[in-house]
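Please read the structure below before turning to the comments.
The values are calculated or read from the model by the stated rules, or taken from the named source; none is laboratory data. All of these numbers come straight from a predicted model, not from anything done at the bench. Glycine also receives a Cβ, built like all others from the backbone with ideal geometry; neighbour counts cover every protein chain displayed. All accessible areas refer to the heavy atoms of the entire protein, side chains included, with ligands and DNA or RNA removed. Shrake-Rupley method; radii C 1.70, N 1.55, O 1.52, S 1.80 Å.
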Amino acid sequence: MLVIAEAGINHLGNLRVAKEMIDIAKIVGADIFKTQLYDVDSLFPDKKIISQGKNWYEEVKKTQLTKRQVVGLAEYCQSLGLEFMASAFDLERLSWLGEIGVRRHKVASRMNQNREYLETVSRTGKEILLSCRLNYLSPCVLPLSTKFLYCIPQYPAPLTEIHLQDVNFQHYAGFSDHTVGIDAAMVAISRGAQIIEKHFTLDTTLLGPDQICSATPLELKALVDFARKAEEIL
């Protein structure tokens, strides 16, 4: 079972914070540390990133990482024996991950209908994890080995909208969790999810649209511990 500790943009663009988050992911026993790579103005040309009734553009702009910073974070993970992974949101940043030599690629739900991007990811020959809703219709360019993670792309995603009872975890390899707390992720594990991606943060009161749906370090540890027990029981 893989537990992906998703820092996302919760590092605030601060490398010290990012490395502290890597330390925590390692300490609690997560398998993978993950972040996100993007050009904010290409993704949001209207400069509107609306979540929870607020425009987070200025805060998110500060979290954009340079290639040098990404390489540094990957090397820091490697020094700790922790796998580094990232969701890239354009072909340039996807190439960064190729140069770094990541073991697998994560395709965010925002990118899962971008045919050119999917074709490029597929040509890498690396394992692909792809976030999607139920009844996802792929553009038919993905290799059969692609692993799908069930995802409701809301921040936070209400528990009443998750409907895990409808998810067949023989078809979906896992769950990308954007709910508050870790209850939904634990239910997914109990129902057969083999991969859990969970946002985490140093402190849920920090600025950013994802902090509210992120696990605290203690919650992340509890989730990893639950996953390890589930491996023995199921």
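None of 150, 117, 172 is crowded, with 18+ Cβ neighbours inside 10 Å, in a helix (DSSP H, G or I) and modelled with pLDDT of 95 or more except 117.
With respect to residue 95, is the statement that it is assigned to a loop (DSSP other than H, G, I, E, B) and not basic (Lys, Arg) true? No, not satisfied.
Only one of the listed residues (110, 103) is out of contact with any helix residue (DSSP H, G or I) (no Cβ under 6 Å at 6 or more places or on another chain), of a type in the set (D, E, K, R), closer than 21 Å to residue 63 by Cβ and open to solvent by 70 Å² or more (accessible area, probe 1.4 Å). That residue is 110. Pairs linking a residue in segment 110-129 that is over 20 Å from residue 197 (Cα atoms) and among the hydrophobic types (A, V, I, L, M, F, W, C) to a residue that is at pLDDT 95 or above and open to solvent by less than 60 Å² (accessible area, probe 1.4 Å), with Cβ atoms under 6 Å and 6 or more positions apart or on different chains, do not occur. Scanning segment 205-234 for residues that are over 17 Å from the mean Cα position of the chain (by Cα), of a type outside the set (A, V, I, L, M, F, W, C) and in a loop (DSSP other than H, G, I, E, B) yields a single hit, 205. Within segment 37-51, is there a residue that is at pLDDT below 95, within 19 Å of residue 210 (Cβ to Cβ), surrounded by 19 or more Cβ atoms within 10 Å (Cβ to Cβ) and more than 16 Å from the chain's Cα centre (by Cα)? Looking through segment 37-51, none of the residues is at pLDDT below 95, within 19 Å of residue 210 (Cβ to Cβ), surrounded by 19 or more Cβ atoms within 10 Å (Cβ to Cβ) and more than 16 Å from the chain's Cα centre (by Cα). When the residues of segment 205-232 are narrowed to those that are at pLDDT below 95 and among the β-branched types (Val, Ile, Thr), which ends up nearest to residue 146 (Cα to Cα)? Top of the filtered list is 212.
Scanning for something more than 15 Å from the chain's Cα centre (by Cα), of a type in the set (Phe, Trp, Tyr) and open to solvent by less than 30 Å² (accessible area, probe 1.4 Å), does segment 54-63 turn up at least one residue? Yes - at least one qualifying residue is present in segment 54-63.
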